[in-house]
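The values are calculated or read from the model by the stated rules, or taken from the named source; none is laboratory data. This structure is a prediction, so every number in the text was calculated from the model and none was measured. Every residue, glycine among them, receives a Cβ derived from its backbone with ideal geometry; neighbour counts consider all protein chains shown. Surface accessibility is based on the protein's heavy atoms, side chains included, excluding ligands, DNA and RNA. Shrake-Rupley method; radii C 1.70, N 1.55, O 1.52, S 1.80 Å.
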Amino acid sequence: MPEAPPDEPPALHVENVDVTYGRAVSALRSVSLTVPHGAVVALLGANGAGKTTLLRAVSGTLRLHRGAITAGRIRYGGTALDGRDPVAAVRAGVVQVPEGRRVFAGLSVDENLRSGGLGLGRRGRAQVQEARDRVLALFPRLAERTGQAAGLLSGGEQQMLAIGRALMAAPRLLLLDEPSLGLAPRMVHRIAEVIREINGQGTAVLLVEQNAGMALSLADHAHVLEVGETRLSGPAGELARTDAVRRLYLGEAAEDQGAA
Ligand SMILES: Nc1ncnc2c1ncn2[C@@H]1O[C@H](COP(=O)(O)OP(=O)(O)OP(=O)(O)O)[C@@H](O)[C@H]1O
Ligand SMILES: [Mg+2]
């Protein structure tokens, strides 16, 4: 893998990554992808394809899963992330929003947000305040509810909080694991807008989704995983036009079948 010159904006490089859980379950086989600086890259695939596993490998949270073994290289800018822990990833600027939101239900919105800045070492009060202000400007619904217990928020609001909590660490690359899952269409639309806004502010996004329509509308590039291997890769607009993606992930009839 080429080393980036020090003044070049950082990109994520995942190269030939294998992940096995214990001895039996091979979750990823030789998966490679790149997230260029400032880009949105979508990772699509059915249940069990290995999407979450890939995000865990990048964010270091795979180390929290006993028996997981990784091979291959993962690098963000000049920092090697393979085999590192989540704190190393956060310090490098890479933060994951976990699947299923997982906010701290008993803590307030504000306490949840502040927990997102932990692990970064000492940051001045002003920096934390600034990050919080930015997050609350992005999510006015959270701003109205800072004292409320997170467990009482709606599903969409909890998703916003989970994203907001990750943004408190001021990531340069945000890893999003199925942010649209279980949300009503209006809220899915809102989440898509938020992702666009975050990206517009200069944060790259690796977006795992089963909602291929939403993901492909946001992404520059996309990859489709199938049982642990990359099945398709390409510009998002091109993938959205392939028969396999339209049939399997966009729920459309393939062109040749649709002809009357
Ligand atoms: N902690 C674990 N221990 C053992 N096997 C695991 C573990 N986590 C995931 N797996 C297995 O690894 C494979 C990939 O799982 P993963 O969660 O990465 O898929 P996914 O694409 O995110 O699926 P989904 O869309 O359902 O979230 C699956 O076969 C799963 O059962
Ligand atoms: Mg998953």
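Please report how far the C-alpha centroid of region 107-165 lies from that of region 201-247, rounded to the nearest whole angstrom.
Region 107-165 and region 201-247 have Cα centres separated by 29 Å.
Counting Lys and Arg as +1 and Asp and Glu as -1, each charge on the Cβ, what is the dipole of the chain about the Cα centre in debye, to the nearest 20?
Values: 29 positive and 27 negative charges, 196 e Å.
The calculated dipole for the chain is roughly 940 debye.
List the GluC sites (Glu not before Pro) within region 70-172 that fall in a DSSP loop (any state other than H, G, I, E or B) and whose Cβ has at most 12 other Cβ atoms within 10 Å.
Qualifying residues, ordered by number: E144.
Computing the accessible area with a 1.4 Å probe over protein heavy atoms, can you report the carbon and sulfur percentage for the chain?
C and S atoms contribute 50 percent here.
Could you order H37, H65, H13 so the one with the most accessible surface comes first? Probe is 1.4 Å.
Sorted by accessible area, descending: H37, H65, H13.
With only alpha-carbon pairs counted, each pair once and no self-pairs, how large is the Kirkwood hydrodynamic radius of region 118-191 in angstroms?
13.3 Å
Compute the signed sum of charges (Lys and Arg +1, Asp and Glu -1) over the other residues within less than 14 Å, Cβ to Cβ, of Q210.
For residues surrounding Q210, the net value is -4.
Keeping every protein chain present and rolling a 1.4 Å probe, give me the accessible area per residue for the chain in Å². List each step's numbers first, then the result.
Values: 12360 Å² over 260 residues.
Normalised by residue count, the accessible surface of the chain is 48 Å².
Mind putting a number on the dipole of region 131-249 about its Cα centre? Charges go on the C-beta only, +1 for Lys and Arg and -1 for Asp and Glu, and I need it in Debye to the nearest 20.
So the magnitude is around 280 debye.
Nearest 500 deg cm²/dmol is fine: what mean residue ellipticity at 222 nm does the chain get from its DSSP H runs of n ≥ 4 alone, each adding -39,500 (n - 2.57), divided by its residue count?
Value at 222 nm, helices only: -10000 deg cm²/dmol.
Rank T53, T203, T20 by mean-square fluctuation in a GNM of the chain with C-alpha springs under 10 angstrom and give only the top-ranked residue.
T20
Quote the relative contact order of the chain in percent (integer), defining contacts as alpha-carbon pairs under 8 Å separated by 6+ residues. Don't skip to the answer; put the middle values down first.
Details: 501 pairs, mean separation 63.2, N = 260.
It rounds to 24 percent for the chain.
Provide the solvent-accessible area of D133, counting protein heavy atoms only and rolling a 1.4 Å probe, rounded to the nearest 10 Å².
Here the accessible area works out near 80 Å².
For the chain, what is Rg from Cα atoms divided by 2.2 N^0.38 Å, rounded to two decimals?
After normalising by residue count via 2.2 N^0.38 Å, the value is 1.01.
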